[in-house]
Each structure stands twice: as C-alpha cells, then as structure tokens.
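Reviewing the structure listed below.
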Amino acid sequence: MDLKNYITGIRKTGFPLEFAISEILRKHSWVVTNNKYYIDDRTNTVREIDIVANRIRKVQWCFVFTTLIISCKKDENNVWAFLSKVHRKKHPISNLYPIHIWTNDKRMKFAISEPSWKSSYFNHLSMSKKSKATKAVFGLGRDIFAFQQMNSKSGAPQNDKHIFTCVESLMKAQAHELKSLSKREQTPCFHQFNLISVVDAPLVDLHFKGIIDGSGDGECDIEATEIELADNVVSYIIDDQDTDARIRFIRKDTFEAYLEEYDELHDANAEYCDKEIDAFYKDAVNDPSKVKLLHDEFIKNLGFQIRRKLGEGPIRIFCFSGEKVKIETGLSEAEAEELHKINMVTSTVANALRIVFRYDGPFEFVHKDWVPF
C-alpha cells in the first residue's frame, strides 16, 4: 500500500489550511474549537463551522470574550473576485459598522442599553492605544456589491456558490452562538463577535469606477487589483429578522498579520468593559434606574437577620443630590431612629452599600411613612 497517495490526496482538501490557521491562533493565545456543529434554523439540519476561537480575560468580576468565527476555504481552480464600488457612506439605511455583542452582566447590559452605546464603543476603540483594533471593527474599504468565483486561467465566471455558502455559514453560526449564550453562560461575561473567511486562493478586487464616456452601450470602466483582504458588510434574514454583519475575507498567507488586529481588539474590549463598569458606579446610588437594577443584590448582601431588623415590607433606597442616602424601612419613626445605635446593623448596611453601589458616604434609616420629596 502506497501511503503517500493519501497524503497527496488530503493536501488537496481544506483540512491542511484549517490546521495551519488553528496553529497560528494557538500561537497567539487564542482558545480554538475545531469543527463546531450547530442546527440550521431554516432547514433544521446539522451544519458545521470550521473554527471558533476565543481570547478571554477577567475584568473585575466579568469575563470578556473576543470571539472569531472562521471559515476556511481552499479553491485550486478559481480566483475569488469581489465586485466593488465607492461607498455611499451617508446612505440613510446603511449599517456600515455592524457590531454584535452579548452580555449577561447587569452593569454592561446597562451600558449597551444606552442609545449612544455604539458611538461610545467606537470612540473607545478610536482613542485606544491599540491602534490596530479599529481596523478589525471598522476599517472599511470599498462597497462590495457582488462576488464571483472566476477561472484562474481563462477568467471565465463560474458562480458564487462557495463564497455564498461561506457567508451563509458564518452568519448562521454567529446567530447560533448568540442564541445559545443565554442557556450556557452562568457567570457574568461580555462577548464580542467577528466573522472571518480565510481563503486559499487569489483574491481580486474588480472595482466599478463608472460608465466609460462615449460608450453607447453603457460599458463599465472596471479596474482589477489583486488584494489580500476584502471587507464585506452583508445583510441576511435569520429567524425572520434582518441581520447585518461584517465578514472579512483574508488571503491565507496574510492571516497572521491581520490576526494582530484582533489581538489588540481583545485588549481594547477588556479596557472598554473595565471603563464602563467603573463609569456605572460613579453615580449609581443617585440614579433611580441603577438603584432599581441593583436593589435585589443589595437586599441579598444585607443577610436575613438584618433584613428582619429593618421591619416588614419593602426596603428601598433614595438619594438626592447633596443629601445622605436614605434607607426606607418597614418600621415606625422611633424604631428607625433606634437602628442607628445598633452597630451590627449600621456596619452591615454600610458594607452592602460599599459592595453593591461602591458608596462609602453617610446614610440614614427612615420610617415606613416617610415621603421622599
């Protein structure tokens, strides 16, 4: 038996490419999962994504994940051509910089619920010392409006089957990951997703510059350039929802150079979470929406014995600018006043305010009939 034939045969597949990309990722400290399976939401069949890679860092109590979902494609006979035009950056329905983030941390949920959170995130990346991180998220070039596999010898258009399959699998794999996180993640975490297709084939940009002057039949002026990266923003309907995503097609021999952008993006993501968590606490005890968000956590930190001493009924927190924090109890005015003399009560409440709200200032107990205005 000539075993060399099997080696020759396997080299013609995409498996050596997948192995090589996985090794580069591991060298850069990414945690790699190969051949991850998921259920297609449309056909209800099992599908596979080549690589899911994560960098993970604990920031305060929150685990920050930067995730790369990667498709590896080898095409021996074709060039992958991307048909492009100049971006219409001010188009009212364009989403040129889609970003996909998921978190179960209360503080980070609060941050990304703000209408301006995307601007805040992009501004953070722009101002970060990690200069390459911005390219990974919004280093957009020309507007790719179509793509084709074209015979590398004759230039004859084939179709876009493999490119489209790549786009579809990446989009659906991301949707699956986002959907499954709420079921599998129990610890506080923050996930940011990126889609990449690593291609073992030449990449060409066919740039449509306009209509040639004097061309009676509307002949296009097209410029061809060999490229190593194509940034493509695509729209897809998943679970009956319009979804935009950015997919970067990267030539295999340049993947490691572009991976450095994602290395820095992970650092910037960790810095962003750290900054937003600290910002949350700057006025937490003064903000009714934040007080409501952390109320149950505060009550839990008081412990059963202290909660009993604060009386029946809800325990609420009020704070007005320039005043002490008010802890509303279920007690009478005289009983509430007596609480100030019980060291175990005051020290436990002070500790709970410090842990939950990062508040070290003065507070007082008020009775159940106290009116907060």
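The values are calculated or read from the model by the stated rules, or taken from the named source; none is laboratory data. Just so we're clear, the structure is a prediction, and the values are computed from it rather than from any experiment. Cβ sites come from the backbone with ideal geometry, for glycine too, and all protein chains shown count toward neighbours.
Determine, yes or no, whether Val59 is among the aliphatic types (A, V, I, L, M), over 30 Å from Asn151 (Cα atoms), at pLDDT 95 or above and touching a Phe, Trp or Tyr at 6+ places or on another chain (Cβ under 9 Å).
It is true that Val59 is among the aliphatic types (A, V, I, L, M), over 30 Å from Asn151 (Cα atoms), at pLDDT 95 or above and touching a Phe, Trp or Tyr at 6+ places or on another chain (Cβ under 9 Å).
Would it be correct to say that Glu297 is surrounded by 14 or more Cβ atoms within 10 Å (Cβ to Cβ), of a type in the set (D, E, K, R) and assigned to a helix (DSSP H, G or I)?
no
List, please: which pairs have Cβ atoms under 6 Å, are six or more places apart or on different chains, and start with a residue in the range 41-66 that is assigned by TED's automatic domain parsing to the domain that holds Ala111 and end with one that is modelled with pLDDT of 95 or more and loosely packed, with under 14 Cβ neighbours inside 10 Å?
Asn54/Val31
Is there a residue in the range 152-171 that is closer than 20 Å to Asp244 by Cβ, in contact (Cβ under 8 Å) with a residue 60 or more places away in the chain and among the charged types (D, E, K, R)?
Yes, the range 152-171 contains a residue that is closer than 20 Å to Asp244 by Cβ, in contact (Cβ under 8 Å) with a residue 60 or more places away in the chain and among the charged types (D, E, K, R).
Residues are listed down the side, and each one gets a yes or a no for (1) within 14 Å of Val199 (Cβ to Cβ); (2) assigned to a helix (DSSP H, G or I); (3) assigned by TED's automatic domain parsing to the domain that holds Lys85:
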residue	(1), (2), (3)
Asp221	no, no, yes
Thr225	no, no, yes
Asn232	yes, no, yes
Tyr236	no, no, yes
Asp244	no, no, yes
Ile250	yes, no, yes
Asp253	yes, yes, yes
Glu256	no, yes, yes
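Considering every residue within the range 203-217, establish whether at least one is at positive phi, without any contact (Cβ under 8 Å) to a residue 40 or more places away in the chain and small (Gly, Ala, Ser).
For the range 203-217, residues at positive phi, without any contact (Cβ under 8 Å) to a residue 40 or more places away in the chain and small (Gly, Ala, Ser): present.
Take the residues in the range 124-140 that are touching a helix residue (DSSP H, G or I) at 6+ places or on another chain (Cβ under 9 Å) and hydrophobic (A, V, I, L, M, F, W, C), then tell me which one is nearest to Tyr272 (Cα to Cα).
Leu125
Can you name the residue in the range 127-178 that is more than 18 Å from Arg251 (Cβ to Cβ) and of a type in the set (Val, Ile, Thr) and, of all such residues, is modelled with the highest pLDDT?
For the range 127-178, the residue satisfying everything is Thr165.
Could you identify the single residue in Val199, Val233 that is at pLDDT below 95, surrounded by 17 or more Cβ atoms within 10 Å (Cβ to Cβ) and either under 22 Å from Glu168 (Cβ atoms) or among the hydroxyl-bearing types (Ser, Thr, Tyr) (or both)?
Val233
Take the residues in the range 126-173 that are assigned to a helix (DSSP H, G or I) and either among the aromatic types (Phe, Trp, Tyr) or touching a Pro at 6+ places or on another chain (Cβ under 9 Å) (or both); name whichever of them is nearest to His266 (Cα to Cα).
Only one residue tops the list, namely Phe138.
Could you say whether any residue in the range 99-119 is surrounded by 21 or more Cβ atoms within 10 Å (Cβ to Cβ), in contact with a Ser or Thr (Cβ under 6 Å, 6 or more places away or on another chain) and not in a loop (DSSP other than H, G, I, E, B)?
Taking every residue of the range 99-119 in turn, none turns out to be surrounded by 21 or more Cβ atoms within 10 Å (Cβ to Cβ), in contact with a Ser or Thr (Cβ under 6 Å, 6 or more places away or on another chain) and not in a loop (DSSP other than H, G, I, E, B).
Quick one: in the range 1-60, of everything that is polar (S, T, N, Q) and under 21 Å from Gln174 (Cα atoms), which residue is surrounded by the most Cβ atoms within 10 Å (Cβ to Cβ)?
Here the residue is Ser22.
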